[in-house]
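Student: Quick one: structure below, then a few questions.
The values are calculated or read from the model by the stated rules, or taken from the named source; none is laboratory data. Because the structure is a prediction, the values reported are computed rather than measured. All Cβ positions, even for glycine, are placed from backbone atoms using ideal geometry, and neighbour counts span all protein chains on display. Side chains are part of the model used for accessible areas, which takes the heavy atoms of the whole protein and leaves out ligands, DNA and RNA. Shrake-Rupley method; radii C 1.70, N 1.55, O 1.52, S 1.80 Å.
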Amino acid sequence: MSAIGTLVFCTDCGSLLDGSIGDPTKILVCDVCGARNKDTVPQTIVSESKPSAFPSALRAKRSAVQTLTASDRRTEALTQHTCIKCGRKEMYYTTVQLRSADEGSTVFYTCVCGHKESTNN
């Protein structure tokens, strides 16, 4: 007899056996092949695996510690927008939906000189 969780299976054909109560003195007869199986308490088997058990080329390239530069952290995009403080023709921008879904998003502009402004679309 094989057990998975609370299900008990026939050792000969693998069919599910009915009437298991976990009494080792009881005999369960398989409806498919007629084999006689002892009714035992299912055992719980716990297995663990480590990432090294599944080798991967991608995992091998990944480092435990990643070094980010300032340009890696910058999430803004660059656009043609004139800064009113220094006159620079390009500013970084990001958009955020601050109002309800049927209204436009808010655009935040940032210049390299430090000036910040926002507009509602």
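Student: Scan segment 65-77 and give yes if some residue there is at pLDDT 80 or above and not in a loop (DSSP other than H, G, I, E, B), otherwise no.
Tutor: yes
Student: Just one of 31, 72 is open to solvent by 80 Å² or more (accessible area, probe 1.4 Å) and either over 30 Å from residue 15 (Cβ atoms) or not assigned by the TED database to the domain that holds residue 16 (or both); which is it? Talk me through it step by step, then tell me what you get.
Tutor: Working: 31 fails: either over 30 Å from residue 15 (Cβ atoms) or not assigned by the TED database to the domain that holds residue 16 (or both).
Result of the check over 31, 72: 72.
Student: Report whether or not residue 104 is exposed (fewer than 12 other Cβ atoms within 10 Å of the Cβ) and among the small types (Gly, Ala, Ser).
Tutor: When the stated conditions are applied, residue 104 does not pass them.
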